[in-house]
Amino acid sequence: MTDNKSHSDSKISAYMQDMMREMGITQTDMAKATGRAQSYIQGHLKGESSWKLSDLESLAPLFKASSVANLLVAAIDHGKA
């Protein structure tokens, strides 16, 4: 993953995976929130596809973020010492 897009997607996925464990969110919950298939969510969490803004907008409330911007900031800051 050498480009910024891939790095950003990786950070978002890592954050979501950690928060899913912490908050008890499932891939099925994410699929329902986005109107997508669970396999679609799984592929994104595994880094096989880039996150779409529309999906992040649908997922922000599930992750208790008031906006996509807040979700992205939380993902970028996640894991920093």
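The accessible surface of the chain, taken with every protein chain in place and a 1.4 Å probe, is 51 percent carbon and sulfur. For region 1-57, the per residue solvent-accessible surface stands at 61 Å², with DNA, RNA and ligands left out and a 1.4 Å probe. Relative contact order for region 22-80: 24 percent, from Cα pairs under 8 Å spaced at least 6 residues apart, divided by residue count.
A Cβ-based charge dipole, computed about the Cα centre of the chain with Lys and Arg at +1 and Asp and Glu at -1, lands at about 60 debye.
Would you work out if region 2-52 is rounded, prolate or oblate? Take a ≥ b ≥ c from the square roots of the eigenvalues of the alpha-carbon gyration tensor; rounded if a/c is under 1.5, else prolate when a/b is larger than b/c, oblate otherwise. Note, shape of region 2-52 comes out oblate.
The values are calculated or read from the model by the stated rules, or taken from the named source; none is laboratory data. Note that the structure is predicted; figures quoted are calculated from it, not measured. FYI the Cβ positions are ideal-geometry reconstructions off the backbone, even for glycines, and counts take in every protein chain you see. Calculation scope for accessible area: heavy atoms of the full protein, side chains included, ligands and nucleic acids excluded. Shrake-Rupley method; radii C 1.70, N 1.55, O 1.52, S 1.80 Å.
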